[in-house]
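The values are calculated or read from the model by the stated rules, or taken from the named source; none is laboratory data. Please read these numbers as outputs of a predicted model, since none were measured by experiment. Note that each Cβ is placed from the backbone with ideal geometry, even for glycine, and that neighbours are counted across all protein chains shown. Heads up: the accessible areas ignore ligands, DNA and RNA and are worked out on the full protein's heavy atoms, side chains in. Shrake-Rupley method; radii C 1.70, N 1.55, O 1.52, S 1.80 Å.
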2 protein chains.
Amino acid sequence: MNNAGNPPKKKHSVTIMDVARASGVSYATVSRVLSGYEFVRESTRNRVMEAVEHLGYVANLQARSLAGGRSQIIGLLVPNLDNTYVGTVTRGIDQELVRANYDLMLYTSHRHPGNESLYVNAIANGLTDGLLLVAPLVPTTYLDALRERNFPYVLIDQADATENSSVVEATNWQGAYEATRYLSQLGHTRIAFITGALAVRSAVDRLRGYKAALADCDIPVREELVIEGDYQQQTGYEITKSLLQSVDPPPTAVFASNDLSAFGAMDAARECGLLIPDDISIIGFDDIPQASLVCPKLTTVRQPLEQMGQVAVKMLLEQIEHRGRPPQRVTLATQLVIRDSCGLYQTQRGEHSKTLKSTGGSLLRTN
Amino acid sequence: MNNAGNPPKKKHSVTIMDVARASGVSYATVSRVLSGYEFVRESTRNRVMEAVEHLGYVANLQARSLAGGRSQIIGLLVPNLDNTYVGTVTRGIDQELVRANYDLMLYTSHRHPGNESLYVNAIANGLTDGLLLVAPLVPTTYLDALRERNFPYVLIDQADATENSSVVEATNWQGAYEATRYLSQLGHTRIAFITGALAVRSAVDRLRGYKAALADCDIPVREELVIEGDYQQQTGYEITKSLLQSVDPPPTAVFASNDLSAFGAMDAARECGLLIPDDISIIGFDDIPQASLVCPKLTTVRQPLEQMGQVAVKMLLEQIEHRGRPPQRVTLATQLVIRDSCGLYQTQRGEHSKTLKSTGGSLLRTN
DNA sequence: GGATTTCTTGTAAACGTTTGCAAAAGCATA
DNA sequence: TATGCTTTTGCAAACGTTTACAAGAAATCC
């Protein structure tokens, strides 16, 4: 085989047999001690643990999960690794996972573009006890397969159309509503909206929140101001550019469905010679760490990304422990974070500068 | 056991036996086809592949690696998930890994603070074929153990004191040298230096590059301008603050050993009422994506992070294929990226505004 | 055409666990 | 002391692969 002339056998590591021998019991008993079986004599347990300690025994994961036990590994499928959105969610996941003594297997979805179903199949067939999906684009393809296998999984920031999956998300509608309303209160009426990929449920919710807010503020929706994006900075840039150049009169505010798009919008605005927030207001969604780094600092709707990761893990572990629990849906609160990228609508008469009042949602002033 | 009343057996998935049955050969032959053994009749191979395709067979990883084969998984140990530094390196790793059909297991080092040796032991004992360590802080503890087991691993951006490990790094000395020299050419003579954690080899190299450049520019090293940091933004902030407040005369330029520290320095400078780059110049190291987002855009020394990840994977796979190859050390070129955070030293007589000339290294003008 | 050599395939034995089953050991009750 | 419970333990059979070994088939040589 392609194994050339090298020592193929790993140095023999200490197995459950060694522990059994050292503690004078059968390997089955050792296994029971290690997996916390209750009917083991206290003295036996101690003897075994001592041997484990002494020999530095670590259970072999392959063998364990092959034999039907838990692998103590969960799979994480993320869309990419470019932005800190994923990083932040992952941090939350990681925190909770270490607490439960689980390991993490990372998959980047762009890695297997065509055959996604084979791909997810592989994860589930493999050694993970469960799967976490961060904002997957086309989940429908493989969710059915997972459900049919009764394989535990949780969706993060992307709901399942069929309502049959466990989901962790934020109050997308409410967040978008508040952001839009905030812009309106600043006097803006020509508020453009850059959506996310509308295949993603959260993107649709945000769009609905935007429209609802406009309606409540008696601002008619102008369809030419609503353009479908894809959460990418470049796309946000291009959309904003065309909005500013070809819509007349141009928008005085841009609400981007995520911070990355908002960054793109800022680039475009600047390139058109507009000052932020004097000439144009820009607001984002997510509050990734970069949002407070850009200049001016981005006003945005904060999603509790880290917390979402934590909650998702808890839900997943719950599912792993108790298969067949009905799917759960957890929605966490968003929060409007006001920074420096939105300003009053500059009007000759200043009529729009009514005082700001809370929208009833949570409002946070920060840097 | 703690397995309550749930269906413990996973739905039986398609195994190598099923494929064997479907294609009318023994399971051993199937295994050989799948692992690319050469002495299989063409017709047999086709028949097997057809069955595989048809049944949607995916090899069970646990079983495979248990039986002595490769798990096709590599472990990645990163210090944290906060900044895009790690994300960028990981992207490179991921790209190369998918090409080689490997999966990725992610470990965050802060997860097992105390017992690192047990931790790495677990990774090596477990199901990974090799290990990638990104900028580990205290590698000495476990490297010996890995080496003794002849377990493949590669260090990224952190050299091993004993020179016994495979390492991928950048030209830290040269990068720091060029950055320092650049500042000097702008007329600065009071150039502060915020180091990284000096336990990390690359941090030491950068410090040496800084000192060498000063020497070559006939600028004496003032020890009060060189302060040990730890690559954290907060620390960069604190150090710069104290530099500006308690050193007299204060530095006119700050060279931070990584971008994160530089961001902290920018915060501090601004807080002291200084304009960047008019009153103070700041330069970083790494060129993480945020560097071009901050305001003003950060001049910095680019490390080819993504490429470092790719190279590391190639080296690791090489090691996995051919155990016992002597450790290799690859050094990639850094590049000075000039943006907007550094300016000419403001002097009454303007005597320092000599024309800039290339330092001989690579120089890149970009936004 | 028989003897070699080279390909091709199958059998069986690992790999290190978990877990059903049954036997052994305690222990209380009668 | 026998009886019937619990608790504790061991045996053996999976789990799904890889791979050494050996045997059968095909090709090559003299």
Looking at region B:69-79 only, could you name the residues that are touching a Ser or Thr at 6+ places or on another chain (Cβ under 6 Å) and either within 7 Å of chain A (Cβ to nearest Cβ) or in a loop (DSSP other than H, G, I, E, B) (or both)? B:71, B:79
Quick check on my filter: what residues within region B:49-58 are touching a Ser or Thr at 6+ places or on another chain (Cβ under 9 Å) and either within 13 Å of DNA strand D (Cβ to nearest atom) or in a loop (DSSP other than H, G, I, E, B) (or both)? B:51, B:52, B:56, B:57, B:58
Tell me the residue from B:118, B:104, B:66 that is facing chain A (nearest Cβ under 9 Å) and at pLDDT below 85, please. B:118
Is one or more of the residues making up region B:28-38 of a type in the set (A, V, I, L, M), more than 10 Å from DNA strand D (Cβ to nearest atom) and farther than 24 Å from residue A:67 by Cβ? no
Within region B:42-63, work out how many residues are open to solvent by 40 Å² or more (accessible area, probe 1.4 Å) and facing chain A (nearest Cβ under 9 Å). 1
Output yes when any residue across region A:125-146 is of a type in the set (Val, Ile, Thr), touching a helix residue (DSSP H, G or I) at 6+ places or on another chain (Cβ under 9 Å) and at pLDDT below 85, and no when none is. yes
Taking region B:18-27 and keeping only residues that are of a type in the set (S, T, N, Q) and near DNA strand D (Cβ under 9 Å from one of its atoms), one is left with B:26
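Listed here are the residues, each with its yes/no results for (1) within 16 Å of residue B:302 (Cβ to Cβ); (2) assigned by TED's automatic domain parsing to the domain that holds residue B:93.
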position	(1), (2)
B:166	no, yes
B:179	yes, no
B:182	yes, no
B:185	no, no
B:199	no, no
B:208	no, no
B:229	no, no
So how many residues does region A:159-209 have that are open to solvent by less than 10 Å² (accessible area, probe 1.4 Å), in a helix (DSSP H, G or I) and touching a residue at least 60 places away in the same chain (Cβ under 8 Å)? 9
Can you find a residue that is assigned to a helix (DSSP H, G or I), within 7 Å of chain B (Cβ to nearest Cβ), at pLDDT below 85 and more than 12 Å from DNA strand D (Cβ to nearest atom) anywhere in region A:1-12? no
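Among the residues of region B:32-47, how many are of a type outside the set (S, T, N, Q), within 9 Å of DNA strand C (Cβ to nearest atom) and touching a residue at least 12 places away in the same chain (Cβ under 8 Å)?
Restricting attention to region B:32-47, the residues satisfying the condition of being of a type outside the set (S, T, N, Q) are B:32-34, B:36-42, B:45, B:47.
Filter once more, so that each one left must be within 9 Å of DNA strand C (Cβ to nearest atom): B:32-33, B:37-42, B:45, B:47.
With touching a residue at least 12 places away in the same chain (Cβ under 8 Å) added as a condition, the list becomes B:33, B:45, B:47.
Total satisfying the criteria: 3.
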Here the residues within region A:84-108 that are open to solvent by 30 Å² or more (accessible area, probe 1.4 Å) and within 23 Å of residue B:288 (Cβ to Cβ) are A:91, A:95
Among the residues of region A:18-31, is any more than 11 Å from DNA strand C (Cβ to nearest atom), of a type in the set (A, V, I, L, M, F, W, C) and either in a helix (DSSP H, G or I) or open to solvent by less than 90 Å² (accessible area, probe 1.4 Å) (or both)? yes
Please work out if residue B:292 is surrounded by 24 or more Cβ atoms within 10 Å (Cβ to Cβ), among the polar types (S, T, N, Q) and not assigned by TED's automatic domain parsing to the domain that holds residue B:155. no
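Listed here are the residues, each with its yes/no results for (1) within 12 Å of DNA strand D (Cβ to nearest atom); (2) within 26 Å of residue A:94 (Cα to Cα).
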{"residue": "B:47", "(1), (2)": "no, no"}
{"residue": "B:65", "(1), (2)": "yes, yes"}
{"residue": "B:68", "(1), (2)": "yes, no"}
{"residue": "B:77", "(1), (2)": "no, yes"}
{"residue": "B:81", "(1), (2)": "no, yes"}
{"residue": "B:89", "(1), (2)": "no, yes"}
